[in-house]
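Please read the structure below before turning to the comments.
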Amino acid sequence: MEIKKILAIRNDRFGEFLLIIPALRALKKTYPQAAITLAVDRYLEHLAAAIDVVDEVIIWEKRKHSFIEIFKFAGFLRKSKYNVAIIFNSTKDSHLLTFLAAIPIRIGYNRKWPFLLTRRLVDKKHLGDKHEVEYNIQLISSFIPEIQEHNHAITVSESARKSLRQKLKTPIDKSTIVVHPWTSDPIKQWSPDNFRKLVQQLCSDSTRKIVVIGSNVSEEKQFIFEGISVNVINMINKTDLLELAVILKDCGLLISCDSGPVHLAASVNTKVISIFRNDIPGKTANRWRPWGQGHIVIEKKSLSLITVEDVLKEVYKVIPRN
């Protein structure tokens, strides 16, 4: 079969989504003539379009769909005559969708109605013995020879830079440190009070700017960063993902728990200090560390064992005191 059109589905959180980019590049290297369509949740639409090997982006929201919705969307996909569908995050809806769309080769994990797939891989991600990027490459290796592909860069657009400029009154540069104090999974959360102490210490040691970022953060949680210093720039809930990519590209360092911005910073080639616990195999740095060279992981059995001083020590290796 000649491979002309490939559908890739990853419609969950944006950190996980970014880690399929090397797999997409491996697909493009193997089938350079094939068009790759990426199905993502609506909030990821513009970020997905910033991936150079993606030819088209369509919306497949992360929610439970009715059978009528699935049937109608399957009809839309059937008209596009995809040769291959790769489901990177298993859901019954996506498996049924690609089956009803009559896509000949349907690749995914052996879970959540796997009988609807034509090629299935046992899901061992919970073991955490590989990086998520490597798991994604492994998934497509049943379809193509396993390729050593590491590039997960995205392109920061000038329109995103212009949009951010209107929101960010003070320019940032490589001396700027960005702090992301939250994570969607409470198990991965280093104490917000520790983050406040860290920001206070960074401000007392220098006059550099500290940008605090986050999305869907309540005013109550934001309040802990109020009144620290005029050098603290609050960009919480103020950017979309492409504008956030600009901030991360222009700064010198991101400090964060295991979260989406870690992977976004790595994808724009900015150094990351990431804070992990190592007592739950599927949630360790071995699987979720920032992908690429030069990043720093601070990892202990309990997040409570990681001190502000531990983090400061690593910060000053990247950006010395001034």
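The values are calculated or read from the model by the stated rules, or taken from the named source; none is laboratory data. Since this is a predicted model, take the numbers as computed values, not measurements. FYI the Cβ positions are ideal-geometry reconstructions off the backbone, even for glycines, and counts take in every protein chain you see.
Taking the stretch 4-51, which residues are of a type in the set (Asp, Glu), surrounded by fewer than 18 Cβ atoms within 10 Å (Cβ to Cβ) and assigned to a loop (DSSP other than H, G, I, E, B)? Give the steps one after another, and end with the answer.
So in the stretch 4-51, the residues of a type in the set (Asp, Glu) come out as 12, 16, 41, 45.
Next, only the ones that are surrounded by fewer than 18 Cβ atoms within 10 Å (Cβ to Cβ) stay: 12, 16, 45.
Hit for the stretch 4-51 is 12, nothing else.
Can you tell me which residue in the stretch 176-224 is surrounded by the most Cβ atoms within 10 Å (Cβ to Cβ), limited to those that are in a loop (DSSP other than H, G, I, E, B) and more than 24 Å from the chain's Cα centre (by Cα)? Please lay out each step first, then the result.
Taking the stretch 176-224 first, the residues in a loop (DSSP other than H, G, I, E, B) are 176, 181-185, 189-191, 206-209, 213-218.
Pick out the ones that are also more than 24 Å from the chain's Cα centre (by Cα) and you get 206-209.
Details: 206: 15, 207: 10, 208: 17, 209: 21.
Once the filter is applied, the top-ranked residue is 209.
Can you tell me which residue among 144, 233, 137 is in a loop (DSSP other than H, G, I, E, B) and crowded, with 16+ Cβ neighbours inside 10 Å? It would help to see each step written out before you state the result.
Numbers: 233 fails: in a loop (DSSP other than H, G, I, E, B); 137 fails: in a loop (DSSP other than H, G, I, E, B).
Result of the check over 144, 233, 137: 144.
Of all residues in the stretch 105-124 being in contact (Cβ under 8 Å) with a residue 24 or more places away in the chain and among the aliphatic types (A, V, I, L, M), which is farthest from residue 24 (Cα to Cα)?
117
What are the residue pairs meeting all of these: first residue in the stretch 161-186, first residue farther than 18 Å from residue 265 by Cβ, second residue surrounded by 11 or more Cβ atoms within 10 Å (Cβ to Cβ), Cβ atoms under 6 Å, and 6 or more apart or on different chains?
What qualifies is 163/243; 167/238.
Could you check how many residues of the stretch 271-301 are without any contact (Cβ under 8 Å) to a residue 40 or more places away in the chain and in contact with a strand residue (DSSP E or B) (Cβ under 6 Å, 6 or more places away or on another chain)? Give the steps one after another, and end with the answer.
Residues of the stretch 271-301 that are without any contact (Cβ under 8 Å) to a residue 40 or more places away in the chain, as a first pass: 272, 274, 278-279, 285, 290, 293-301.
Okay, now just the ones that are also in contact with a strand residue (DSSP E or B) (Cβ under 6 Å, 6 or more places away or on another chain), so 272, 274, 278, 285, 290, 295-299.
Counting residues in the stretch 271-301 that are without any contact (Cβ under 8 Å) to a residue 40 or more places away in the chain and in contact with a strand residue (DSSP E or B) (Cβ under 6 Å, 6 or more places away or on another chain) gives 10.
Given the structure, is residue 130 more than 14 Å from residue 8 (Cα to Cα), charged (D, E, K, R) and assigned to a loop (DSSP other than H, G, I, E, B)?
Numbers: more than 14 Å from residue 8 (Cα to Cα): yes; charged (D, E, K, R): yes; assigned to a loop (DSSP other than H, G, I, E, B): yes.
Judged against the criteria, residue 130 is a match.
Residue check: is residue 35 touching a residue at least 40 places away in the same chain (Cβ under 8 Å) and either of a type in the set (Gly, Ala, Ser) or not assigned by TED's automatic domain parsing to the domain that holds residue 92 (or both)? Full working, then the answer.
On the way: touching a residue at least 40 places away in the same chain (Cβ under 8 Å): no; either of a type in the set (Gly, Ala, Ser) or not assigned by TED's automatic domain parsing to the domain that holds residue 92 (or both): yes.
Considered against the rule, which asks whether it is touching a residue at least 40 places away in the same chain (Cβ under 8 Å) and either of a type in the set (Gly, Ala, Ser) or not assigned by TED's automatic domain parsing to the domain that holds residue 92 (or both), residue 35 comes out as no.
For the list (1) without any contact (Cβ under 8 Å) to a residue 60 or more places away in the chain; (2) surrounded by fewer than 15 Cβ atoms within 10 Å (Cβ to Cβ); (3) part of a loop (DSSP other than H, G, I, E, B), I need the number of the one condition that residue 321 fails.
Of the numbered conditions (1) without any contact (Cβ under 8 Å) to a residue 60 or more places away in the chain; (2) surrounded by fewer than 15 Cβ atoms within 10 Å (Cβ to Cβ); (3) part of a loop (DSSP other than H, G, I, E, B), the odd one out for residue 321 is (1).
Among the residues of the stretch 52-75, write down those that are under 29 Å from residue 152 (Cβ atoms) and part of a helix (DSSP H, G or I).
At the first step, the residues of the stretch 52-75 found to be under 29 Å from residue 152 (Cβ atoms) are 52-63, 65, 73.
The one that is under 29 Å from residue 152 (Cβ atoms) and part of a helix (DSSP H, G or I): 73.
Out of all the residues in the stretch 302-316, which are charged (D, E, K, R) and either in contact with a Phe, Trp or Tyr (Cβ under 9 Å, 6 or more places away or on another chain) or free of Cβ contacts under 8 Å to residues at least 12 places away in the same chain (or both)? Give the steps one after another, and end with the answer.
Going residue by residue through the stretch 302-316, those that are charged (D, E, K, R) are 309-310, 313-314.
Listed by number, the residues that qualify are 309, 313.
Just checking, does the stretch 114-124 include any residue being modelled with pLDDT under 90, out of contact with any helix residue (DSSP H, G or I) (no Cβ under 8 Å at 6 or more places or on another chain) and either part of a strand (DSSP E or B) or surrounded by fewer than 20 Cβ atoms within 10 Å (Cβ to Cβ) (or both)? Outline the logic, then answer.
First, the residues of the stretch 114-124 that are modelled with pLDDT under 90: none.
No; the residues of the stretch 114-124 include none that is modelled with pLDDT under 90, out of contact with any helix residue (DSSP H, G or I) (no Cβ under 8 Å at 6 or more places or on another chain) and either part of a strand (DSSP E or B) or surrounded by fewer than 20 Cβ atoms within 10 Å (Cβ to Cβ) (or both).
Quick test for you: out of 102, 74, 85, pick the one residue that is without any contact (Cβ under 8 Å) to a residue 60 or more places away in the chain, within 22 Å of residue 27 (Cα to Cα) and of a type in the set (A, V, I, L, M).
Values: 74 fails: within 22 Å of residue 27 (Cα to Cα); 85 fails: without any contact (Cβ under 8 Å) to a residue 60 or more places away in the chain.
Checking each option against the conditions leaves just 102.
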